[in-house]
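One structure is given below, encoded as structure tokens.
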Amino acid sequence: MAKRTVKDLDVAGKRVIVRVDFNVPRKNGVITNDNRIVQALPTINYLIENKAKIVLMSHLGKIKTEEDKAKNSLNVVAERLAQLVDTKVSFCPVTRGAQLEEAIAALNESEIVVMENTRYEKGESKNDEELGKYWASLGELFVVDAFGSVHRAHASTVGIPTHLENALGFLVEKEVIMLGKAVDTPERPFVAIIGGAKVSDKIAVVDNLLEKADKVIVGGGMAYTFMKAQGLEIGKSLVEEDKVGLAKEYLAKAGDKLVLPIDNICADAFAETANIVVCDNADIPADYMGLDIGPKSIKLFEDTLAGAKTVVWNGPMGVFEMAPFAKGTLAVCTAISELPGATTVIGGGDSAAAAIQLGFAEKFSHISTGGGASLEYMEGKTLPGIAVISEK
Ligand code: AMP
């Protein structure tokens, strides 16, 4: 069964609360990338065209102190949104009370009010029952379009839809379709590539993908924990000691399904100016660290990818932010993007940033907008903000 989408709702004249992900990067209070606002526009424009009274809610940054509040007001986002849509956008500087209620009551059809940062409320991240109920009372319908937040059971993602007729927005619908197509019903061969540095965040993903994919390539900083588990000396390379045991387990059950690098670009410091050697896994010098996959590994990964009809990728193959260690990530990015007729999905986070930085944004079937959410999806976990939405 499929989840209801915004098209299944009768929105005309109704107060529709939309949980969006407007957690945009900023520098000195100025938005440096408005992609998250742009990504929410299909749903917002649909609601404008269909005469809804639109209440937008989002978090922005982390709020611990009063100072954090001043730094993370959604005011700037409302101003940017006003430049992108053809309707009146007002900003309400509070998250509860008469001022908010009056701003919503004053909405005409097709107009928007952006509520202040949901995290101004302490109960937001605790999914406080009273808060979810209160926010729900402000609307008649609820739409979730914040893919980056659906892996969190918060008052604005789970509390509100518990009390209101609800549906997915277009962005979340697209994410669910693309990730589902890739991970749950893949056209085979299905190759998954996991890299990056956060072994503890991703090791469960490797486990789940070993069940689902035909090949699982592990590269980047992740790979050294596996190499250590193989009994190799990895010098000063990144390792999560407490995950070596799990890595051993996966190696034993995966057989030739798990593909690891066979050579490395190693450096004597974590710096562009470091001394660099290229060496096989068995030859990593004690005072060097592996910062990228080597040329033989690139060839091995390209061969493993050849003919794939579905590819899911999360995590760079090396420290791509520094030119001497970007080759592996660039090569994998190129190889994936050139696969004929394949469904290719990047699971957000740093690999999405790498693909965009390297100029590949248009060459993938889908680049997920939610790093954590797409990882949890790939891990096989239920995403609470989607689970709570009604089936058609
Ligand atoms: P993640 O957030 O887990 O996707 O990790 C992304 C980060 O991993 C990037 O900032 C990379 O620079 C870093 N990374 C990739 N390969 C390595 C490596 N071999 N050693 C240290 N850091 C790495």
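The values are calculated or read from the model by the stated rules, or taken from the named source; none is laboratory data. None of the values given here were measured: they were computed from a predicted structure. Cβ: placed from backbone, ideal geometry, glycine included. Neighbour counts: every protein chain shown.
Structural remarks
- Selection over the stretch 347-363 of residues that are away from the ligand (no atom under 11 Å from the Cβ) and either aliphatic (A, V, I, L, M) or crowded, with 22+ Cβ neighbours inside 10 Å (or both) gives a count of 4.
- Residue tally, condition polar (S, T, N, Q) and buried (at least 24 other Cβ atoms within 10 Å of the Cβ), over the stretch 364-384: 2
Residue-by-condition table, conditions (1) surrounded by fewer than 17 Cβ atoms within 10 Å (Cβ to Cβ); (2) out of contact with any Gly (no Cβ under 8 Å at 6 or more places or on another chain); (3) part of a loop (DSSP other than H, G, I, E, B):
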site: Gln39; (1), (2), (3): no, yes, no
site: Asn45; (1), (2), (3): yes, yes, no
site: Leu60; (1), (2), (3): no, yes, yes
site: Lys64; (1), (2), (3): yes, yes, yes
site: Glu67; (1), (2), (3): yes, yes, no
site: Val77; (1), (2), (3): no, yes, no
site: Ala82; (1), (2), (3): yes, yes, no
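Residue by residue, here is whether (1) of a type in the set (A, V, I, L, M); (2) in contact (Cβ under 8 Å) with a residue 24 or more places away in the chain; (3) within 11 Å of the ligand (Cβ to nearest atom) holds:
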site: Ala167; (1), (2), (3): yes, yes, no
site: Gly196; (1), (2), (3): no, yes, yes
site: Val205; (1), (2), (3): yes, yes, yes
site: Leu210; (1), (2), (3): yes, yes, no
site: Met222; (1), (2), (3): yes, yes, yes
site: Phe226; (1), (2), (3): no, yes, no
site: Val244; (1), (2), (3): yes, no, no
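- Residue in the stretch 234-249 that is small (Gly, Ala, Ser) and not in a helix (DSSP H, G or I) present: yes
- Residue match in the stretch 218-238 (condition: in the same structural domain as Lys253 (by TED's automatic domain parsing), within 23 Å of the chain's Cα centre (by Cα) and either closer than 20 Å to Thr310 by Cα or of a type in the set (S, T, N, Q) (or both)): yes
- Any chance Asn108 is among the polar types (S, T, N, Q), in contact (Cβ under 8 Å) with a residue 40 or more places away in the chain and outside any strand (DSSP E or B): yes
Okay, residues lined up against (1) free of Cβ contacts under 8 Å to residues at least 40 places away in the same chain; (2) within 11 Å of the ligand (Cβ to nearest atom); (3) of a type in the set (Asp, Glu); (4) not assigned by TED's automatic domain parsing to the domain that holds Gly349:
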{"position": "Cys279", "(1), (2), (3), (4)": "yes, no, no, no"}
{"position": "Ala286", "(1), (2), (3), (4)": "no, no, no, no"}
{"position": "Met289", "(1), (2), (3), (4)": "no, yes, no, no"}
{"position": "Gly294", "(1), (2), (3), (4)": "yes, no, no, no"}
{"position": "Leu300", "(1), (2), (3), (4)": "no, no, no, no"}
{"position": "Leu305", "(1), (2), (3), (4)": "no, no, no, no"}
{"position": "Ala308", "(1), (2), (3), (4)": "no, no, no, no"}
{"position": "Gly315", "(1), (2), (3), (4)": "no, yes, no, no"}
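- If the condition is being aliphatic (A, V, I, L, M), surrounded by 24 or more Cβ atoms within 10 Å (Cβ to Cβ), more than 15 Å from the chain's Cα centre (by Cα) and not in a helix (DSSP H, G or I), then the stretch 143-178 contributes Val143, Val144, Ala167, Leu168.
- Here Met322 clears all of (1) within 13 Å of the ligand (Cβ to nearest atom); (2) at negative phi; (3) surrounded by 22 or more Cβ atoms within 10 Å (Cβ to Cβ) except the condition numbered (3).
- Yes/no for Val20 being crowded, with 22+ Cβ neighbours inside 10 Å and of a type in the set (A, V, I, L, M, F, W, C): yes
- Considering the conditions (1) within 15 Å of the ligand (Cβ to nearest atom); (2) assigned to a loop (DSSP other than H, G, I, E, B); (3) in contact (Cβ under 8 Å) with a residue 24 or more places away in the chain, Ala269 is excluded by exactly one of them, (3).
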